[in-house]
1. Please work out if B:Y219 is of a type in the set (S, T, Y) and either over 30 Å from B:I120 (Cβ atoms) or within 16 Å of ligand 1 (Cβ to nearest atom) (or both).
2. What helices (runs of 4 or more DSSP H) lie completely within region A:243-316 and have 2 or more residues being open to solvent by less than 50 Å² (accessible area, probe 1.4 Å) and away from chain B (no Cβ under 13 Å)?
3. For the subset of region C:63-111 comprising residues that are within 16 Å of ligand 1 (Cβ to nearest atom) and open to solvent by 20 Å² or more (accessible area, probe 1.4 Å), which member is nearest to the other protein chains (Cβ to nearest Cβ)?
4. Out of all the residues in region B:274-290, is one or more within 14 Å of chain A (Cβ to nearest Cβ) and within 16 Å of ligand 1 (Cβ to nearest atom)?
5. For region C:23-46, which residues satisfy the criterion of being more than 7 Å from ligand 1 (Cβ to nearest atom) and of a type in the set (A, V, I, L, M, F, W, C)?
6. Of everything in region C:2-22 that's among the charged types (D, E, K, R) and not in a loop (DSSP other than H, G, I, E, B), which residue is nearest to ligand 1 (Cβ to nearest atom)?
7. Can you go through B:G293, B:G208, B:G253, B:G231 and tell me which one is within 14 Å of another protein chain (Cβ to nearest Cβ), part of a helix (DSSP H, G or I) and of a type in the set (G, A, S)?
8. Give just the number: which of (1) within 14 Å of another protein chain (Cβ to nearest Cβ); (2) open to solvent by 10 Å² or more (accessible area, probe 1.4 Å) does A:F148 not satisfy?
Amino acid sequence: MMNKTSMIALVLLLISGVYPFFVDSAWLAIGTTFLVFSCVAFSQDIILGRAGVFHMGHAMFFGLGAYTTAIMNVQFGLPILASWAPAVLIPMFVAFVLAGPIIHLRGDYLLVATIGFNIIFIQVLENDVFGLTGGPNGIFGIDVVRLFGFEFASQTYMYYMAFILLGITLFIMRTLDRSKFGRAMFYINKDEIAAQSMGVSVRYYKLYAFIIGAGIAGAAGSMFSVQYSAVSPEAFDVTQSIMFFTIVLVGGSASLPGVLIGTFIMFVLPEVFREFETARYLVFGLAMILTMILRPRGIWPVRFGNIPNFLKKDVK
Amino acid sequence: MDIFIQQMVNGLTIGSLYALVALGYTMVYGVMRLINFAHGDLVAMSAFVGLTVYTQIFGENITSLVAVITVFVFTAAIVALVGVLLERLAYRPLRTAPRLSAVVSALGAGLVIQNSVMLIWGPNMKIFPSNIFPSTIWSFGGVVITFTQVMILGLSSILMVGLYFFINRTKIGTAIRAVAIDQDAAKLMGINVNRIIMIIFVIGSALGAVAGLFIGVYYRGVTFDMGWMYGLNAFVAAIMGGIGNIPGAMLGGLMLGLFNAMITGYISSQWAETFTFVLLIVILVFRPTGILGEKVAEKV
Amino acid sequence: MSEYILEIKNVTKMFHGLVAINDLSMKVKKGQIYGIIGPNGAGKTTLFNCITGIYTPEMGQILWKGKEIKGTTPYKIAELGILRTFQTIRLFAEMSVAENIMSGRHIKSKQKWYNGVIPTPAYFKDEKEQWMKVGELMEFFNLSQYATTPAGDLSYGVQRRIEMARALAAEPELLILDEPAAGLNEHETQELTDTIRKIQAMGVTIMMIEHDMEMVMSLSEYITVINFGAKISEGLPSFVQDDPVVVEAYIGSDEEDEHE
Ligand SMILES: Nc1ncnc2c1ncn2[C@@H]1O[C@H](COP(=O)(O)OP(=O)(O)O)[C@@H](O)[C@H]1O
Ligand SMILES: [Mg+2]
């Protein structure tokens, strides 16, 4: 027994599983980055699509993860593996500290505050605070993952590592959606007052969303820094945050297929049309407007009603 | 002390420009609850339109009051038209859609405008002629004030005071305020909401056009992507003042201009944006809806 | 502790200098159905908003089992066992009926903080338990056939039932109903009356604002009448019904817009 969606999912899984064997190195790198960006987009979706927080500074958490790995590896000579946990935990901690004081702000006020955090983050990187971040040029020469004397150096390894990370992210998304936590986020998103009246602490679950989202973005950032063996500020600036924000809304908030589609459209398609350098973003902007007009809830909107089967017996 | 006063003059000048742009954000937000992310790019576009109007009609070297006024009026009219089109094409179809859909549409519209400017005028910096305004300067002790600064301060004050009276003392202004408070009720009272929104876009875009021209005249170098920076600062100013609130946008703009000038003058321009956003966040922590923004309790 | 589960003492609530509730007091006994009536704009909903923490009154006390709860945030009020419905229905419109009711199970769920990311056996057990409870409530309120339907797509009467199911899912001690019969037809009102009796039989205390006089008079054990934010009468339904002050208040107000 399989419905259409799971069929599509299976086919996609197979295609993405064998993808590295059929493409050249440039497209392999695009594939890897697509997987990494999908993780970031999902983590943005936890905050934006689920908890409904207008967060437009997500590239900062992505960058924090990337820079944690880069700094630990290049400046302190630690192995990449040792940086994995900090690359997740530091963004989570920063999310907790920064989001705490602003989490009560209304939609648009919070939006500009999160843009602000992202901009401050970039200035910290560019001004090379403590001589650790490498200033505007960033940090080069990041190592590859090594385990038991084996090095996972080829781009194919990078791809499969990103593949696994996306798998873990999807698992988390699914768990979240089927837990008290994910539901609480939706209740807050749909009606804050009703949610509170049912005993949901708005502050707790918004912060929860921020912290989990930051952790996943951090992990993706670590992967990203290893893939390119370098990090620099512009990969994590507000423009990138706007891209993740847009991915979620164009694809479909809180919809797993939607976010994947969004990432594909916003990141892979521009790569395909790279040769039309100049007109590309003009068309892109038009496409964003048109998509929203034609599909205001995104290309593949979320569908609620994911409840256990035993509750569906009377449904006609 | 001289530095302080000098920075104050400079700060108020740039602050007036922020305020003019911030008014565009705040007025649109007031009636549509939409952050018009394309507004900054509209401002940038104005500088290019103005430059073209100037060189096409008057050539490089003619400066006269008539020329200047023509350029301002012409540019404001063209940009206002683009603003109205923007609303028609990108925002009106989304008025009943989820709020964030319109935000994405605005981001898309910003890309469209910015890249159109790049395709039309090219990716390189364009330079405004230096003789649009006389190069007269006045100095008081160590403090220097240029003719351009006086023009900027003067004209933006006139526009802001004018807008204030327009909103508070005229029939259309009253209608605008009514639509801002409750669109449905306004509609029932016979107010043509679409027309009001159009007027908002005309005024907001025209003020943005004036700011864009002044940016060209004052800084002289203009780039197709400069809208982001000015737009963001102005938007921050609108938020500081309390978005949706017209005096708030004016206050926020002037305050941010002054603050920026002081930071650049006394501390360092390297950290200017950081200071801006720290100030913003501190303001919001203590006043979650900005300095003059009203706290609207939801009626249950 | 007194025999009263909820005591409202001299509560005053103002909006921008306008008095919405004026020095209001009332006492609700455990297990009672307590009716609140009064013309539109009298301040009834505002009173409920004060009890549930949505507004904080400027003056007075609100005692829950003898303890002051004035100013407590709404989600903590819910955790205390005070749950409500809204006059202007506030469901999670895009979400299914089952998911809406599940929100009532939020405070009863024992999932740990890490269960949002990592499932554990205890989590699966808890999740199952909560959904079973949702199933029971859907049956009680005759909603099972709509389990997967978005709540916003259903009729007014059904939506009112979902709101009650959602509040009841949290196993409240005090259930606060704001005009539960508004917009219902006669048949639905009759069903609602029966349902409210059944809920009372479960041991739940009920406070209810209602304009349907027949219903409120038959259900309530005690009634307070509010006009212009102040109490104008209180007592048994039979007394209140004939109290000239009450009759006066109702004639003075516009009966027409009472069912909006
Ligand atoms: N959030 C609010 N802000 C301002 N005034 C309010 C608010 N909530 C209620 N009011 C006012 O308080 C009065 C009482 O309203 P309400 O409690 O809803 O009356 P009722 O439920 O008895 O019909 C009304 O005049 C109403 O306009
Ligand atoms: Mg009411």
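The values are calculated or read from the model by the stated rules, or taken from the named source; none is laboratory data. Here the structure is a predicted model, which means the values were calculated and not measured. In this analysis, Cβ positions are derived from the backbone assuming ideal geometry, glycine residues included, and neighbour counts consider all displayed protein chains. With ligands, DNA and RNA removed, areas are computed over all heavy atoms of the protein, side chains included. Shrake-Rupley method; radii C 1.70, N 1.55, O 1.52, S 1.80 Å.
1. Answer is no for this residue.
2. Because the criterion is at least 2 residues that are open to solvent by less than 50 Å² (accessible area, probe 1.4 Å) and away from chain B (no Cβ under 13 Å), the helices (runs of 4 or more DSSP H) in region A:243-316 that meet it are A:256-263.
3. Initially, region C:63-111 is screened for residues within 16 Å of ligand 1 (Cβ to nearest atom), giving C:74, C:84-90.
Filter again for open to solvent by 20 Å² or more (accessible area, probe 1.4 Å), leaving C:87-90.
Details: C:Q87: 8, C:T88: 8, C:I89: 9, C:R90: 4 Å.
That would be C:R90.
4. Filtering region B:274-290 for residues within 14 Å of chain A (Cβ to nearest Cβ) gives B:274-290.
Applying the additional criterion that residues be within 16 Å of ligand 1 (Cβ to nearest atom) yields B:289.
Looking for residues that are within 14 Å of chain A (Cβ to nearest Cβ) and within 16 Å of ligand 1 (Cβ to nearest atom), one finds at least one in region B:274-290, hence yes.
5. In the first step, residues of region C:23-46 are kept if they are more than 7 Å from ligand 1 (Cβ to nearest atom); the result is C:23-37, C:39.
Hits for region C:23-46 are C:L24, C:M26, C:V28, C:I33, C:I36, C:I37.
6. My answer is C:K13.
7. The match here is B:G231.
8. (1)
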